[in-house]
Amino acid sequence: MPLDPEKSVADHRAIAARYDHSTRRTNGVRLAAIAALGLQPGETVLNVGCGSGFSFAAILAAIGPRGVLLAFDHSEDLLAIARRHIAAAGWNNVVLLQARAERVDFRPEMTRRGIAPPSALLFSYVHDVMQSEGAIDNLLAQAAPRARVAITSTKLWPRAWWPLCLPVNAYLYQTHERYITNRDENFDRPWAKLARHLAPFDVRVRWPGWRYVACGRVKDTLIK
Ligand SMILES: C[S@@+](CC[C@H](N)C(=O)[O-])C[C@H]1O[C@@H](n2cnc3c(N)ncnc32)[C@H](O)[C@@H]1O
């Protein structure tokens, strides 16, 4: 199954209305990934594939009013929810773009408003984006040198956990039908392509074995 951005947009349109409710069990690990970034007041943060904006409140609480949150997604339906959160909270330090990860470009807005490049990047449940070399190259090219990266998403149980991994992985495969278009690529190691650009890099698997938080720093020399 190759990456299918049009299916991704259509799938997220279908689940947008109940997205925040149906993803609530991942709230803990998503907050743990944000905490792992060790954000400081005044930082610029890039929220990759921000969806409905679940991560905004925690990021903005950490970076404060002097910080800037850059966020994008290709789903207009989820961005509409994110915009409602921004308006309700009165946040005025969020730059939100509708764009594909392979093409999104924050540089004009950063230049115009004198915003520093992001020193921290959050990849929260964006399996498809992490399987796109074009997206990784485009996003890391806009980051500050040695930017910190935190990753969380669903991973399959290892084959070594046979035979229990069979029903568990079948369950994960089926329940992620609408969230991931290419479950055949790196579903056991979703971070694999991104990790090539990070050093040091560390993965901590969390209960119940299909959740994890991975952290790293962008290498000095980006791999081409
Ligand atoms: C499972 S949702 C996760 C949303 C959010 N990061 C979270 O933690 O709740 C995956 C998101 O990635 C977005 N997405 C997938 N592929 C994308 C791409 N190539 N460019 C931009 N957004 C993409 C989807 O629209 C969706 O909002």
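The values are calculated or read from the model by the stated rules, or taken from the named source; none is laboratory data. This is a predicted model, so every value here is computed, not measured. Don't worry about glycine lacking a Cβ; one is built from the backbone with ideal geometry, like all the others, and counts go over all protein chains shown. Areas reflect the complete protein model, heavy atoms only, side chains present, ligands, DNA and RNA absent. Shrake-Rupley method; radii C 1.70, N 1.55, O 1.52, S 1.80 Å.
State yes or no: is VAL168 away from the ligand (no atom under 15 Å from the Cβ) and β-branched (Val, Ile, Thr)? So VAL168 fits the description; yes.
When restricted to residues that are in a loop (DSSP other than H, G, I, E, B), open to solvent by less than 30 Å² (accessible area, probe 1.4 Å) and over 29 Å from ALA14 (Cβ atoms), the range 169-224 contains 1.
If you go through the range 18-34 and keep only what is among the aliphatic types (A, V, I, L, M) and either at pLDDT below 95 or touching a helix residue (DSSP H, G or I) at 6+ places or on another chain (Cβ under 8 Å) (or both), you end up with LEU31, ILE34. Considering each residue of the range 123-144 in turn, none proves to be in contact with a strand residue (DSSP E or B) (Cβ under 9 Å, 6 or more places away or on another chain), loosely packed, with under 13 Cβ neighbours inside 10 Å and at pLDDT 95 or above. So, VAL48, is that one within 14 Å of the ligand (Cβ to nearest atom) and over 23 Å from PHE106 (Cα atoms) or not? Considered against the rule, which asks whether it is within 14 Å of the ligand (Cβ to nearest atom) and over 23 Å from PHE106 (Cα atoms), VAL48 comes out as no. Tallying residues that are touching a residue at least 60 places away in the same chain (Cβ under 8 Å) and within 13 Å of the ligand (Cβ to nearest atom) within the range 107-134 yields 13.
Sort through GLY64, GLY28, GLY42, GLY53 and tell me the only one that's without any contact (Cβ under 8 Å) to a residue 60 or more places away in the chain and open to solvent by less than 10 Å² (accessible area, probe 1.4 Å).
On the way: GLY64 fails: open to solvent by less than 10 Å² (accessible area, probe 1.4 Å); GLY28 fails: open to solvent by less than 10 Å² (accessible area, probe 1.4 Å); GLY42 fails: open to solvent by less than 10 Å² (accessible area, probe 1.4 Å).
Of GLY64, GLY28, GLY42, GLY53, the one residue that is without any contact (Cβ under 8 Å) to a residue 60 or more places away in the chain and open to solvent by less than 10 Å² (accessible area, probe 1.4 Å) is GLY53.
None of ILE86, ILE59 is more than 8 Å from the ligand (Cβ to nearest atom), closer than 26 Å to ARG13 by Cβ, over 18 Å from the mean Cα position of the chain (by Cα) and surrounded by 18 or more Cβ atoms within 10 Å (Cβ to Cβ) except ILE86.
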